[in-house]
Amino acid sequence: MATYPSIPRHVAIIMDGNGRWAKERGRPRIEGHRAGAESVTEVLKGCIEQGVEYLTLYAFSSENWSRPETEVSALMTLLNHFLKAKLKDLDRQNIRLLTIGQLDRLPAKTRALIERTEAHTANHTAMTLVLALSYGGREEIVAAARSLASDAAAGKINPADIDGELFASRLQTAGIPDPDLLIRTSGEMRISNFLLWQISYAEIVIVKKFWPDFGKSDLAEAIEEYQRRHRRFGAL
Ligand code: FPP
């Protein structure tokens, strides 16, 4: 029988439930996000230990801009702290940082920290962490369509030559393999405009826990679930 890779090469996560985690404790929402940032660090470690090559995290969606100003700016501050604090770790662990999303909408300081970290880790090879920031799947697809239409109008490409491969090469994830496993926490069963094109064949695992309670062992369980499904698929 054919063998299949038992570890998903690319894991993508919709980190949901920070607000509810905080509410349950009578704490402000931002404390849920802070605790969520700790989970990011732990899950990153778990991915390295398990041999996952790509981890994509939905850290801020295009829709999240419509949250109250105080929450948006607190999330940006948290992201800035994360980027500053993690630079050494990413470097030491040979992890490359990439970002996807409409980065021009982010504060200048955050953009500068992202540019610095991306440049600094560009040649790292152990693993790739992709942060989806100000990201929306539909927006990404529209931008790819616009770029192809503009090339076609300029006579650079023939519309008849547009296929899946060419289309994917215009997405921000060009060069990154599609996710094998998509995890969403907090029990919600929605995709929420995340990687719409890329998750076509991903296995989806919904975990009831809120994101701040999600740790390495939960990642291991989600991978086991992926393996069970994958094995069944392989046996057909
Ligand atoms: C969803 O929970 C989570 C977010 C909108 C933000 C995710 C951010 C982090 C985990 C922390 C910062 C990230 C990094 C990479 C350092 P929610 O607020 O929608 O929760 P709710 O549905 O319970 O309200």
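Numbers below:
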{"item": "Arg29, sole failed condition from (1) within 11 Å of the ligand (Cβ to nearest atom); (2) among the basic types (Lys, Arg); (3) under 20 Å from the mean Cα position of the chain (by Cα)", "result": "(3)"}
{"item": "Residues located in segment 155-189, provided they are more than 21 Å from the chain's Cα centre (by Cα) and open to solvent by less than 70 Å² (accessible area, probe 1.4 Å)", "result": "Gly155, Ile157, Ile162, Gly164, Leu166"}
{"item": "Any hit, segment 142-156, residues being closer than 17 Å to Ala59 by Cβ and of a type in the set (D, E, K, R)", "result": "no"}
{"item": "Hey, Ala143 open to solvent by 30 Å² or more (accessible area, probe 1.4 Å), free of Cβ contacts under 8 Å to residues at least 12 places away in the same chain, out of contact with any helix residue (DSSP H, G or I) (no Cβ under 7 Å at 6 or more places or on another chain) and over 24 Å from Pro8 (Cβ atoms) or not", "result": "no"}
{"item": "From the options Ala168, Ala160, residue that is over 22 Å from Leu131 (Cβ atoms) and outside any loop (DSSP other than H, G, I, E, B)", "result": "Ala160"}
{"item": "Residue that is in contact with a strand residue (DSSP E or B) (Cβ under 6 Å, 6 or more places away or on another chain), closer than 28 Å to Glu140 by Cα, among the small types (Gly, Ala, Ser) and modelled with pLDDT of 95 or more, where the choices are Ala37, Ala74, Ala59", "result": "Ala59"}
{"item": "Residues being crowded, with 21+ Cβ neighbours inside 10 Å, of a type outside the set (A, V, I, L, M) and over 18 Å from Thr128 (Cα atoms) - total across segment 195-217", "result": "4"}
{"item": "Matching residues, segment 1-26, being away from the ligand (no atom under 11 Å from the Cβ) and either farther than 14 Å from Val130 by Cα or more than 21 Å from the chain's Cα centre (by Cα) (or both)", "result": "Met1, Ala2, Thr3, Tyr4, Pro5, Ser6, Ile7, Pro8, Arg25, Gly26"}
{"item": "Failed condition for Leu133, given (1) in a helix (DSSP H, G or I); (2) touching a residue at least 60 places away in the same chain (Cβ under 8 Å)", "result": "(1)"}
{"item": "Segment 117-127: number of residues that are of a type in the set (S, T, N, Q) and either open to solvent by 10 Å² or more (accessible area, probe 1.4 Å) or assigned to a loop (DSSP other than H, G, I, E, B) (or both)", "result": "2"}
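The values are calculated or read from the model by the stated rules, or taken from the named source; none is laboratory data. What you are looking at is a predicted structure, and each value in this text was computed from that prediction instead of being measured. Neighbour counts are summed over all protein chains in view; Cβ atoms, including those assigned to glycine, are modelled from backbone coordinates with ideal geometry. Just so you know, the surface numbers come from the protein's heavy atoms only, side chains and all, with ligands and any DNA or RNA stripped out. Shrake-Rupley method; radii C 1.70, N 1.55, O 1.52, S 1.80 Å.
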